[in-house]
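Enquirer: This is the structure, below, for whatever I ask next.
The values are calculated or read from the model by the stated rules, or taken from the named source; none is laboratory data. These numbers were taken from a predicted model, which means no experiment stands behind them. Please note: Cβ atoms are built from the backbone with ideal geometry, for glycine as well, and neighbour counts cover all protein chains shown.
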Amino acid sequence: MSEFLNSFFADAFSSDIFAGGIALGLIGVGATVAGLWGRRALRMLWRRITISVTVDNRSPAFKFLCLWLEQGDHLSRSRRLQVTQFAEGDDWRPTEDARILMVPSEGRHIFLESRILCILDRSIERKARTESFSGQDGPLEALKFTLLGGGVGAVQNWIEIGAKIAATRDRIGPGIHTLARHGWSAAGDVPRRSLASIVTEGDEAEALLADVRWFYASRDWYASRGVPWRRGYLLYGPPGTGKSSLIRAIASELGSDIATLDLNRSTLSDDALRDALGSVPKNALIAFEDIDAVNAAREGSKTGVSFSGLLNAIDGVAAQEGRALFMTTNHRERLDPALIRPGRADMHVELGPIGLEAAAEMFVRFFPDAVQHAETFTASFGDRRIIPAVLQGWLLRHHDDPATAARIDRMDVRPDPAEASLTS
């Protein structure tokens, strides 16, 4: 058998055709192996000299990068663009003011930025539904940046530029942040409100603004005295007296945003509350509206936040510093003294019904060209004390008839009007 095989291979290799075939086969195998190793070597080299950063629409950075892309001319040569609209809270914001951006469509886009070659891949997983950073449900969208000649710092810089654009572009007032499943989400802006538009009996509004300004400017003062840099404010009074409006006005005067949190949500746990207060967006006041609702937790309610959890979140060891906390309530007498003691609620501001002087000021503001009716308003007002929201409703109802609006004695005063919330 061995002699046969030896004879066979001897005859085969003596054939030029067979030998050529073997040579070609070996060359093919060698080329394939070389190609595989070459591609692997190129991939390894590419990974060595480039970095990749992926951002999806569950993060605010996604919007910031879209704003940065639109603001510059990075995609000026692109032939595939897409119109994207970021919802801004249609319940209180006109739809025509919603943000509309021209952003790259799905697929690959290549551009140069400061001598950095950037390959941008945008993907949209329409079957993968998720909650975006703004709290809207929709497909999962992602931007993948692959940079040749730049580092992570370049993308971080682009995000920061986009954040600055978002902070200044078409702002109508303080930004509202609400707590969603993935953390704080930007719900949009609320109209800017002047402090002068808040009607009170005395100088409560001016005193509150002055105190908040002092707090934010006193970091070193707190540190030198070993006191945690935190300050709380309790606004109390009947519904419709302007508690939420005053928080808006303070934020407007300071150029701040508002992070508002519903403590009565059954899905909000003590841990989630602590984490939320530890990650409040920068430059945002914190607002707990109707803080008395959490007292129900002490009476066996199913609310997720316990009273002790609330106290620890406000001023516990892990509580965030450098932020002002506003609490509102219609019933201060229902609040536990431990919640509103100094250190948790350092300044208490009462907002109540207004008398003639403040009411006349509101009338003149509504009808600056109808001063002749102010005397009728004063005479018909008498010694009444009226909830500001009720008076405002009456003046709005007769906005085109100052003579009727001045007859305050004909007004139907309804008790306990509903007070507007920060996001209404």
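Enquirer: Looking only at segment 385-424, filter to residues that are part of a loop (DSSP other than H, G, I, E, B) and modelled with pLDDT of 85 or more; which one of those is surrounded by the fewest Cβ atoms within 10 Å (Cβ to Cβ)? Show your work before the answer.
Expert: The first filter runs over segment 385-424 and keeps only residues part of a loop (DSSP other than H, G, I, E, B), leaving 385, 387, 398-401, 407, 411-424.
Next cut, modelled with pLDDT of 85 or more only: 385, 387, 398-401, 407.
Numbers: Arg385: 13, Ile387: 24, His398: 17, His399: 10, Asp400: 7, Asp401: 13, Arg407: 17.
Residue satisfying both the conditions and the ranking: Asp400.
Enquirer: Would you mind finding the one in Gly202, Gly188 that is within 16 Å of Met347 (Cβ to Cβ) and modelled with pLDDT under 85?
Expert: Gly202
Let's see how each residue does on (1) loosely packed, with under 13 Cβ neighbours inside 10 Å; (2) at pLDDT below 85; (3) under 12 Å from Leu273 (Cβ atoms):
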{"position": "Val294", "(1), (2), (3)": "no, yes, yes"}
{"position": "Gly300", "(1), (2), (3)": "yes, yes, no"}
{"position": "Thr303", "(1), (2), (3)": "no, yes, yes"}
{"position": "Ser306", "(1), (2), (3)": "no, yes, yes"}
{"position": "Leu311", "(1), (2), (3)": "no, no, yes"}
{"position": "Asp315", "(1), (2), (3)": "no, yes, no"}
{"position": "Met327", "(1), (2), (3)": "no, no, no"}
{"position": "Leu335", "(1), (2), (3)": "no, no, no"}
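Enquirer: Additional query: Quick check, is Glu201 touching a residue at least 40 places away in the same chain (Cβ under 8 Å) and not assigned by TED's automatic domain parsing to the domain that holds Ala389?
Expert: Spelling it out, Glu201 is indeed touching a residue at least 40 places away in the same chain (Cβ under 8 Å) and not assigned by TED's automatic domain parsing to the domain that holds Ala389.
Enquirer: Against the condition among the hydroxyl-bearing types (Ser, Thr, Tyr), exposed (fewer than 14 other Cβ atoms within 10 Å of the Cβ) and in contact (Cβ under 8 Å) with a residue 40 or more places away in the chain, how does Ser185 come out, does it pass?
Expert: So Ser185 fails the test.
Enquirer: Whether any residue in segment 261-275 is among the basic types (Lys, Arg) and surrounded by fewer than 18 Cβ atoms within 10 Å (Cβ to Cβ) is what I want to check.
Expert: Yes, segment 261-275 contains a residue that is among the basic types (Lys, Arg) and surrounded by fewer than 18 Cβ atoms within 10 Å (Cβ to Cβ).
Enquirer: Moving to a separate point now. So, restricting to strands (runs of 3 or more DSSP E) that lie completely within segment 54-136, which ones have at least 3 residues that are modelled with pLDDT under 60 and of a type in the set (S, T, N, Q)?
Expert: Where strands (runs of 3 or more DSSP E) fall fully within segment 54-136, none carries at least 3 residues being modelled with pLDDT under 60 and of a type in the set (S, T, N, Q).
Enquirer: In addition: Here is a check on your reading of the model: is Arg341 of a type outside the set (Val, Ile, Thr), touching a residue at least 40 places away in the same chain (Cβ under 8 Å) and either closer than 30 Å to Leu208 by Cα or in the same structural domain as Leu234 (by TED's automatic domain parsing) (or both)? I'd like the intermediate steps shown before the answer.
Expert: Values: of a type outside the set (Val, Ile, Thr): yes; touching a residue at least 40 places away in the same chain (Cβ under 8 Å): no; either closer than 30 Å to Leu208 by Cα or in the same structural domain as Leu234 (by TED's automatic domain parsing) (or both): yes.
Answer is no for this residue.
Enquirer: Scan segment 366-388 and give yes if some residue there is over 14 Å from Met411 (Cα atoms) and either in the same structural domain as Pro238 (by TED's automatic domain parsing) or in contact with a Ser or Thr (Cβ under 8 Å, 6 or more places away or on another chain) (or both), otherwise no.
Expert: no
Enquirer: Can I ask one more? Within segment 195-255, which helices (runs of 4 or more DSSP H) (wholly inside it) include 3 or more residues that are surrounded by 14 or more Cβ atoms within 10 Å (Cβ to Cβ) and within 22 Å of the chain's Cα centre (by Cα)?
Expert: Filter on segment 195-255 gives 243-254.
Enquirer: Scan Thr329, Thr376 and give me the residue that is closer than 17 Å to Tyr236 by Cα and touching a helix residue (DSSP H, G or I) at 6+ places or on another chain (Cβ under 8 Å).
Expert: Thr329
Enquirer: Need pairs with beta-carbon distance below 9 Å; first residue assigned by TED's automatic domain parsing to the domain that holds Leu325 and within segment 207-222, second assigned to a helix (DSSP H, G or I) and of a type in the set (D, E, K, R); sequence gap 6+ or separate chains.
Expert: Leu209/Glu253; Val212/Glu253; Arg213/Glu253
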